[in-house]
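The values are calculated or read from the model by the stated rules, or taken from the named source; none is laboratory data. Since the model is a prediction, treat every value here as computed from it, not as a measurement. Cβ atoms come from the backbone with ideal geometry, glycine included; neighbour counts cover every protein chain shown. SASA here: full protein model, heavy atoms, side chains in, ligands and nucleic acids out. Shrake-Rupley method; radii C 1.70, N 1.55, O 1.52, S 1.80 Å.
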Amino acid sequence: MRGKRNWCRRLFPAAGLLTAGCCFLGMIPVSANSAQTEWEGSAQGGIVVSDSECPLIVENELLTFDIQEFPKTFYESLDEYLAYSGKVTAEYTFYNPSDYTVRATLAFPFGRAPDYGYIYDYDTGESCLDADVRLYSITADGQELDKKLRFTFQESGEAFDLDEELNKLEQGIVKDEFYRPDMPVTKYTYEFKGIDNETYNAAQAMAVIDDWSGRTKYFFGDTGGYSDLTEHVEVSVWAETGNEFTFYVIGDEPEEMPEWVIYADGTLEKEIAGEVVEKSAEKLTVEQLARSICGASEYVNSGDLYNAVIAMLNQSEQRCGVIMNDFYEAWLLESLMRWYEYEIVLEPGQRLVNRVEAPIYPAVSGTGEAAEYTYTYLLSPAGTWKEFGSLDVEIDTPFHLTDSKPEGMEEREGGYSLALERLPEGELSFVLRSSDRTEAYISSLFPAAAAAVVTVTAAVGIGAAAILIVIRKQKKGKRDKK
């Protein structure tokens with residue numbers, strides 16, 4: 001008799017944009033609830049300086065929100081998604097008051113792809129993670145800057161830790177306690193045979209794993225269930241004659257491979273006839289496994305993707321070295337924090353305008369004319385600069401502003417404006433609606449209908465960000481001796 005099971009099934013989690021930074025506009029996560037009615041998003045904002053000795057100051061920040069349309073909460077094609085026009089432009093006027101040249105390597109975290117984005121083609125199995133890179137622009141005094149696309153792993157719901165994320169970018173290939181790039185991996189493919197699926201249409205195959213050696217990991221990417229018992233764990237998969245399933249053995253090969261037994265259903269109580277036959281055993285390495293999960297792209301740093309896969313494997317590991325992660329390919333893609341890395345140089349006394357343009361993805365609540373689109377821009381991180389000057393906000397939109405913080409947003413032709421001589425307390429947020437009609441009475445007259453209204457918390461992508469990673473100081477007219 002097997003003990004009580006605690007079934008764990010990792011559902012396809014929603015992932016939204018997360019952003020944050022230094023010499024930058026950061027992004028902070030916005031939480032969400034169930035996958036069908038609420039979608040996780042994020043907020044961007046504020047410039048943060050990570051180096052307390054950074055001499056650069058921000059004389060002015062100009063934020064321009066160009067919102068001529070609201071995003072859909074579902075896109076059927078990549079082209080349709082890329083046609084979305086909502087964007088924000090952030091212009092920072094930097095000044096170098098020092099008597100030496102400042103060369104800064106900056107990282108702009110533009111977050112995870114929005115939940116209503118289009119990052120994975122299920123028909124072709126190809127990643128579209130970098131498909132929207134052409135929508136982002138970074139310039140210095142009008143000249144387009146060279147930029148590298150970088151990634152760090154950050155699962156949905158995790159708080160953004162600036163120091164931790166910067167360390168991920170700088171460390172190169174991660175040095176893990178277990179994994180290494182050349183570690184052997186065997187990809188096993190099995191086929192189900194002889195199962196009476198007409199009678200048992202919910203049949204499952206179960207294997208017991210009790211490997212406590214610590215030298216082997218078992219990676220299941222398409223399992224149906226996991227049960228953690230005292231003396232071992234049990235892994236189960238849907239079983240249908242003619243179908244195949246795969247799993248990976250990472251590290252040392254076990255003395256005995258898991259033995260699969262066929263059961264009538266997910267209770268795993270009644271054994272039935274059927275076989276699980278090994279079809280192939282493909283040899284590869286951890287590095288090759290990482291590449292197979294992420295796919296290949298000319299824009300992507302392979303070291304970043306390797307590190308992301310290792311983080312995913314570690315985070316998904318259960319007891320006995322069992323790694324459970326249904327839909328692992330798409331989930332990994334949705335858990336990648338996306339960054340642009342670039343460099344700016346300011347001579348002594350020089351001023352420079354760093355301009356970042358990016359799509360903007362609001363949080364959405366409600367449907368139809370009653371839907372509200374909330375845009376959040378975090379201003380408080382900018383207080384870490386040595387000096388921060390004025391802030392100007394422009395909202396170019398035909399829609400109706402129903403709320404804003406801080407107060408003082410003035411309506412003008414074609415939108416709204418806010419001019420501040422210094423950073424205000426709190427964050428910048430504003431709410432837009434397609435109609436100026438108040439429909440709150442619906443909630444009081446028809447509470448049941450109001451409760452059924454779908455609420456979508458989408459990815460809030462507002463603004464650009466630049467995190468100061470390295471500042472190399474060089475005295476004017478001198479070079480460090482090598």
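Counting other C-beta atoms within 10 Å, and keeping those with at most 14, which DSSP coil trypsin sites (Lys or Arg not before Pro) do you find in segment 159-265?
Sparse-neighbourhood loop trypsin sites (Lys or Arg not before Pro): 175, 215.
Taking 7 Å along the Cα-to-C-beta vector as the label spot, tell me the residue 103-residue 345 distance in nanometres, rounded to one decimal.
Each label point lies 7 Å from its Cα, and together they span 0.7 nm.
Relative contact order of segment 58-173: what whole-number percent is it, with Cα pairs under 8 angstrom and at least 6 residues apart? Let's see the in-between values first.
On the way: 84 pairs, mean separation 23.1, N = 116.
Relative contact order of segment 58-173: 20 percent.
As an exercise, use a Förster radius of 25 Å and the Cβ-Cβ distance of residue 72 and residue 412 to find the FRET efficiency, rounded to the nearest 0.05.
My answer for the efficiency is 0.35.
Can you give me the distance in nm between label points at residue 315 and residue 292, each placed 7 Å from the Cα along the Cα-to-Cβ direction?
Output for this residue pair reads 2.2 nm.
Please sort by residue number the GluC sites (Glu not before Pro) in segment 350-422 whose DSSP state is loop and whose Cβ has at most 11 other Cβ atoms within 10 Å.
Those satisfying the criteria are 387, 407, 413, 421.
Could you give me the radius of gyration and the Dmax of segment 125-267, taking only the C-alpha atoms into account and expressing both in angstrom?
21.9, 71
Mind putting a number on the dipole of segment 352-423 about its Cα centre? Charges go on the C-beta only, +1 for Lys and Arg and -1 for Asp and Glu, and I need it in Debye to the nearest 20.
Values: 5 positive and 13 negative charges, 80 e Å.
Result for segment 352-423 is approximately 380 debye, rounded to the nearest 20.
When the accessible area of segment 110-263 is split by element with a 1.4 Å probe, what percent falls to carbon and sulfur?
Using a 1.4 Å probe with all protein chains present, segment 110-263 comes out at 42 percent carbon and sulfur.
List the chymotrypsin sites (Phe, Trp or Tyr not before Pro) within segment 157-247 that DSSP assigns to loop and that have no more than 13 neighbouring Cβ atoms inside 10 Å.
On the way: sites: 160, 178, 179, 188, 190, 192, 200, 212, 218, 219, 220, 226, 238, 245, 247; in loops: 160, 178, 179, 200, 212.
Qualifying residues, ordered by number: 212.
Compute the FRET efficiency between residue 243 and residue 372 as 1/(1 + (r/R0)^6), taking r as their Cβ-Cβ distance and R0 = 45 Å, and round to the nearest 0.05.
Calculated value: 0.50.
Could you tell me which of the pairs 87/147; 148/187; 168/405 are separated by over 22 angstrom between their Cα atoms in the structure shown? Working shown, then result.
Working: 87/147 19 Å; 148/187 33 Å; 168/405 34 Å.
Violating the 22 Å limit, Cα to Cα: 148/187; 168/405.
Taking R0 as 22 Å, what FRET efficiency do you get between residue 280 and residue 215 from their Cβ-Cβ distance, rounded to the nearest 0.05?
The formula returns an efficiency of 0.40 here.
Hey, what do the phi angles of segment 144-152 turn into as Karplus ³J(HN,Hα) couplings, whole Hz, using 6.51/-1.76/1.60 and θ = phi - 60°, x for Gly and Pro?
So the Karplus estimates, Gly and Pro as x, are 4, 9, 5, 9, 10, 7, 10, 9, 9 Hz.
Which value, in debye to the nearest 20, describes the size of the charge dipole of segment 146-288 about its Cα centre when Lys and Arg Cβ atoms bear +1, Asp and Glu Cβ atoms bear -1, and nothing else is charged?
600 debye
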